[in-house]
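Everything on this sheet refers to the single structure shown next.
The values are calculated or read from the model by the stated rules, or taken from the named source; none is laboratory data. Not measured: the values here are computed from a predicted model. Glycine also receives a Cβ, built like all others from the backbone with ideal geometry; neighbour counts cover every protein chain displayed.
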Amino acid sequence: MSWLSAHQSKQGGFTLGAASANSTHIEPEINLIPFIDVLLVVLIFLMISTTFTRYQELAITLPTASGVESQNDIKQIHIAVSRDGRFAVNGKVTDRSQLSNSLSQFTQKSTQSIQVNIDADARAPHQAVMSALEAARDANLSNIVFSSQSKK
């Protein structure tokens, strides 16, 4: 006996919870199969759409060179950046506003190629190093080198 036939009244309509005298009481049941199907679809969707974080490092082999450096024809300008963000151009302390002016003076005096060597402290603010790079760009200097030291 199905649920529909059990809840039909004698006139052919449906009763809403009121049991008729000749019908037997049927326990309601919950069909779990559609519920499990929906959960499996959600689980498969989450498994496919989940991204796993991978930390990858680049394996870089730096080039090596053998030979003598030719420092004779390249004039160098040393910009030192201290730990507290102060600047010194070839040993003379200057501030940020005068940095591009002093670099421009070096480019006007020299006709040969100029190399800018930035010696920044390891704990110098990033903004101070970027200011030195901007000053070199403002003075139309494109040959820029960063100094470093090897660990002992």
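So that you can scan it fast, the table gives a plain yes or no per residue for (1) surrounded by 10 or more Cβ atoms within 10 Å (Cβ to Cβ); (2) modelled with pLDDT under 75; (3) over 30 Å from residue 116 (Cα atoms); (4) touching a His at 6+ places or on another chain (Cβ under 7 Å):
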{"site": "50", "(1), (2), (3), (4)": "no, no, yes, no"}
{"site": "55", "(1), (2), (3), (4)": "no, yes, yes, no"}
{"site": "68", "(1), (2), (3), (4)": "no, yes, no, no"}
{"site": "78", "(1), (2), (3), (4)": "yes, no, no, no"}
{"site": "96", "(1), (2), (3), (4)": "yes, no, no, no"}
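Pull up the range 110-132, narrow it to residues that are part of a loop (DSSP other than H, G, I, E, B) and either closer than 14 Å to residue 147 by Cβ or touching a residue at least 40 places away in the same chain (Cβ under 8 Å) (or both), then point me to the one that is farthest from the chain's Cα centre (by Cα).
The first filter runs over the range 110-132 and keeps only residues part of a loop (DSSP other than H, G, I, E, B), leaving 110-113, 121-125.
Keeping just the survivors that are either closer than 14 Å to residue 147 by Cβ or touching a residue at least 40 places away in the same chain (Cβ under 8 Å) (or both) gives 113, 121-125.
Details: 113: 37, 121: 25, 122: 23, 123: 22, 124: 22, 125: 20 Å.
The residue in question is 113.
Looking at the range 133-150, can you tell me whether even one residue there is outside any loop (DSSP other than H, G, I, E, B), under 11 Å from residue 77 (Cα atoms) and out of contact with any Leu (no Cβ under 9 Å at 6 or more places or on another chain)?
Among the residues of the range 133-150, at least one is outside any loop (DSSP other than H, G, I, E, B), under 11 Å from residue 77 (Cα atoms) and out of contact with any Leu (no Cβ under 9 Å at 6 or more places or on another chain), which makes the answer yes.
Can you find a residue in the range 101-109 that is farther than 20 Å from residue 149 by Cα, surrounded by 10 or more Cβ atoms within 10 Å (Cβ to Cβ), modelled with pLDDT of 85 or more and touching a Ser or Thr at 6+ places or on another chain (Cβ under 9 Å)? Among the residues of the range 101-109, at least one is farther than 20 Å from residue 149 by Cα, surrounded by 10 or more Cβ atoms within 10 Å (Cβ to Cβ), modelled with pLDDT of 85 or more and touching a Ser or Thr at 6+ places or on another chain (Cβ under 9 Å), which makes the answer yes.
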